Amino acid sequence: MIECTNCETAQFLQITQSRVYFEDGEMINEISETYECTLCGGTGTYTYAESCDRASVTGDVEVTEERPRFA
């Protein structure tokens with residue numbers, strides 16, 4: 001789950017930009033999403049690249065494996 005680090009919830013996150021890159025026209029090579037928290041105004045970017053085989057996040061968002069504290 002992707003959460004706002006300031007508010008510790010995903011409830012107010014809104015995707016403001018989303019891109020999917022196809023290198024060969026069939027397989028997804030990279031996914032990039034930009035988020036904005038409508039509660040605190042925080043922003044961040046989530047990027048998954050197949051070449052790295054893992055996700056990276058920048059800004060005021062984080063990827064968690066836990067259920068959110070606040071629903």
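In this structure the amide hydrogen of residue 42, modeled in the peptide plane, comes within under 5 Å of the amide hydrogens of 37, none closer than 5 places in sequence on its chain.
When only the Cβ of Lys, Arg, Asp and Glu is charged (+1, +1, -1, -1), the dipole of the chain relative to its Cα centre reaches about 320 debye. Over the stretch 15-54, accessible surface divided per residue gives 72 Å², non-protein components excluded, 1.4 Å probe.
For the chain, averaging the sequence separation of C-alpha pairs within contact (under 8 Å, six or more residues apart) and dividing by the residue count gives a relative contact order of 35 percent. Treating r as the C-beta distance of residue 11 and residue 52 and R0 as 25 Å, the FRET efficiency rounds to 0.30. When all alpha carbon pairs of the chain are counted in 5 Å bins from zero, the resulting P(r) reads 3, 18, 26, 21, 15, 10, 5, 2, 0 %.
The values are calculated or read from the model by the stated rules, or taken from the named source; none is laboratory data. Remember, predicted model here, so these are calculated numbers, not experimental data. Quick reminder, even Gly has a Cβ in these numbers, built from the backbone with ideal geometry, and neighbours come from all protein chains shown. The accessibility values were calculated without ligands, DNA or RNA, using every heavy atom of the protein model including side chains. Shrake-Rupley method; radii C 1.70, N 1.55, O 1.52, S 1.80 Å.
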